[in-house]
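Structure, as structure tokens:
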Amino acid sequence: MVAPKLMTRHVDHDAVTRLTQGGTHPLLARLWAARGVAQVDDVKRQWSALIPPSNLTQADHAAAVLADAMAQNQRFLIIADYDCDGATACAVGLRALRAMGANVDFLVPNRFETGYGLSPEVVQLALAHPAGKPDILITVDNGIASVDGVAAARQAGMEVVVTDHHLPGDTLPDALAIVNPNHPQCGFPSKNLAGVGVIFYLMLALRAELRRRGHFAADGGPRLDRLADLVALGTVADVVKLDSNNRLLVTQGLKAMRAGLMQPGLRALFAVAGRDPIQAGAFDLGFALGPRINAAGRLADMSLGIRCLITDDESQALELARELDTMNQQRRVIEGGMREEALASVALDQPVIGASVCVYQPDWHQGVVGLVASRLKETYWRPSLAFSRSEPGQLRGSGRSIPDVHLRDVLDLVSKRYPGMILKFGGHAMAAGLTLDESRYEEFVQGFDEAVRTLTGRDSFEPLIETDGSLESGYANVEVAQMLASEVWGAGFPAPVFRDVFRVAHQRLLKDKHLKLSLQRGEQRFDAIWFNHADSLPEFAEVAYRLDVNAWNGMLKAQLIVEHAQPA
């Protein structure tokens, strides 16, 4: 494990002044200013502050296309993706379209059979769908790269509306409409919408179009805000940047969950995960609910996860959630074994770690290689790829990267330097997938490492823990911890980590793997815990920590969750 370096975020003190004058708690003002919030308007969380759907290029056009098709009672088929963002996007589209009177069903590609997105093979499945041949395919969380799939659909007599958030390639699909904040001609201020956010925006635009046509009263139609729980789950689970607009969406979703207003499937997922929705936070979505939905796409068929999200039957929702929970436990076992093999493989094959890490075992589970890559990235702090055999002569890999390395750009460079080696690839800065000619794996490992060095000018990388400096002693209490817990933190807007020097008054091991601490600063003493860390600390230590609430026997106490510690 590479030891991290601590640094303190820069704070714009003028922004702090504006925020505190606007009524923001002084600590929150400091934390927000360090994350780029300049004024109170940047943290408005009411629906009225949402960026209007008309700002999203082609959303109004796509809405008109769908409204015309609905008037002719045409059949829609949603083509989903097999991760949590794709599943929640599918559920939002299905629930909203059905509530607006559309004839709609869904199809989700199988990761192991047809791969990602609207491919020609998926078009053939759409033609044979039990609900009948669709007139219009609506992609969610995919489609921007489906040039061949859209062409195949149109040739088969079906039109396509693409909704996606991934970066487009050089050629765009010939669809009726493309709704994507990252479309080259789109000036939408938030480029960070998840796939579920994009389809939610399209549904808002469609309801507005149907109101204009008199199909609904001026303020009529379905309450789309009741889908905020799904939008929040998909947004957090996809680890998109939580800019102001995304934080608004997540805040509204969490607000609904805490009030008990959520789909039966989400309520059931909270139950099987042993989490309390009254205290729902972004952590629950990213680490409890999201992985259980994702388990279906990793090990079996994501239609199971989608059915859990679209059913209105509480007992069926609970039954499906239990199946997802069992799958997630299986996924953990599989991942644990693969992770141990991967670490042993790196130690054997790469005694000297270069600028990257690549591992391959032919019998690894294709659905879990991405999680293995993620663990390797965290262990070695290098862009990491894990591969398994997908079919004779081909490897399928999944990668995770670090902030210093744009993974998709690296793969693009490798594909240009070594034509024919990478059969296909896609993704973004922090995560990507690819299919590789198996006979060229060793050549790829070398080429990938060279490309990382070329694009970064470096052959090693140092992890950083960004902190918010010292926590004022007057704020180190339960009330402030609860205030921080009620805020939305996540990708691009990280949860506060403070940094102080403490005297280690007492320390012991908990369950042989967690370091339980009593830390003293001035007259204050804190309970603290460093999870999955067994080495003891010296008497004085500089500690990077999160402020948390520990509930025990009905008592609430402030507790420090240690992220890193080093001799003071």
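Values as computed for the structure displayed
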| read-out | value |
| --- | --- |
| Enumerated strands (runs of 3 or more DSSP E) restricted to segment 517-568, each holding at least 2 residues that are closer than 11 Å to ARG503 by Cα and without any contact (Cβ under 8 Å) to a residue 60 or more places away in the chain | 524-530, 540-552 |
| Looking only at segment 477-516, and only at residues there that are of a type in the set (Lys, Arg) and surrounded by fewer than 20 Cβ atoms within 10 Å (Cβ to Cβ), the one that is farthest from the chain's Cα centre (by Cα) | ARG503 |
| Residues located in segment 409-423, provided they are in contact with a strand residue (DSSP E or B) (Cβ under 7 Å, 6 or more places away or on another chain) and among the hydrophobic types (A, V, I, L, M, F, W, C) | LEU411, VAL414, MET421, ILE422, LEU423 |
| Residue within segment 351-373 that is free of Cβ contacts under 8 Å to residues at least 60 places away in the same chain, over 20 Å from GLU443 (Cβ atoms) and among the aromatic types (Phe, Trp, Tyr) present | yes |
| Residue that is touching a Ser or Thr at 6+ places or on another chain (Cβ under 6 Å) and over 26 Å from ASP312 (Cα atoms), where the choices are ARG111, ARG45 | ARG45 |
| Cβ pairs under 6 Å, 6+ apart, first in segment 42-53 and closer than 15 Å to ASN192 by Cα and aliphatic (A, V, I, L, M), second open to solvent by 40 Å² or more (accessible area, probe 1.4 Å) and in a loop (DSSP other than H, G, I, E, B) | ILE51/PRO189 |
| When residues of segment 411-432 are limited to those that are among the charged types (D, E, K, R) and not in a strand (DSSP E or B), the one nearest to GLU443 (Cα to Cα) | ARG417 |
| Every residue from segment 185-205 that is farther than 27 Å from ALA218 by Cα, outside any loop (DSSP other than H, G, I, E, B) and open to solvent by 10 Å² or more (accessible area, probe 1.4 Å) | none |
| Residue identified as among the aliphatic types (A, V, I, L, M) and either open to solvent by 10 Å² or more (accessible area, probe 1.4 Å) or over 20 Å from ALA237 (Cα atoms) (or both) among VAL368, VAL346 | VAL346 |
| Hits in segment 333-350 - residues which are under 27 Å from GLU113 (Cα atoms) and touching a residue at least 24 places away in the same chain (Cβ under 8 Å) | ILE334, GLU335, MET338, ARG339, ALA342 |
| Candidates ALA280, ALA256, ALA295 - the one that is closer than 21 Å to TYR82 by Cα and either touching a residue at least 40 places away in the same chain (Cβ under 8 Å) or in contact with a helix residue (DSSP H, G or I) (Cβ under 8 Å, 6 or more places away or on another chain) (or both) | ALA295 |
| Close pairs (8 angstrom Cβ cut-off, 6 or more residues apart or separate chains): farther than 16 Å from GLN252 by Cβ in segment 211-225, acidic (Asp, Glu) anywhere | ARG211/ASP219 |
| Scope segment 372-399; condition assigned to a strand (DSSP E or B) and open to solvent by less than 10 Å² (accessible area, probe 1.4 Å); matching residues | SER384, LEU385, ALA386, PHE387, SER388, LEU395, GLY397, GLY399 |
| Pairs, first free of Cβ contacts under 8 Å to residues at least 24 places away in the same chain in segment 401-424, second among the polar types (S, T, N, Q) and open to solvent by less than 50 Å² (accessible area, probe 1.4 Å), C-beta under 7 Å, six or more apart | ILE422/SER415; LYS424/THR435 |
| ARG95 being of a type in the set (Lys, Arg), out of contact with any strand residue (DSSP E or B) (no Cβ under 9 Å at 6 or more places or on another chain) and open to solvent by 40 Å² or more (accessible area, probe 1.4 Å) | yes |
| Among residues of segment 153-210, those that are polar (S, T, N, Q) and out of contact with any Pro (no Cβ under 8 Å at 6 or more places or on another chain), counted | 4 |
| Residue match in segment 401-410 (condition: crowded, with 20+ Cβ neighbours inside 10 Å, hydroxyl-bearing (Ser, Thr, Tyr) and assigned to a strand (DSSP E or B)) | no |
| Matching option when the condition is touching a residue at least 24 places away in the same chain (Cβ under 8 Å), outside any loop (DSSP other than H, G, I, E, B), aromatic (Phe, Trp, Tyr) and under 23 Å from LEU309 (Cβ atoms), among PHE112, PHE106 | PHE106 |
| Test set (1) surrounded by fewer than 23 Cβ atoms within 10 Å (Cβ to Cβ); (2) under 28 Å from ASN245 (Cα atoms) - ASN73 fails condition number | (2) |
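The values are calculated or read from the model by the stated rules, or taken from the named source; none is laboratory data. Remember, it's a predicted structure, so these values are computed and weren't measured experimentally. Using ideal geometry, Cβ is built from the backbone for each residue, glycine included, and neighbour counts are taken over all protein chains shown. Protein only, heavy atoms only, side chains kept; ligands, DNA and RNA dropped before computing areas. Shrake-Rupley method; radii C 1.70, N 1.55, O 1.52, S 1.80 Å.
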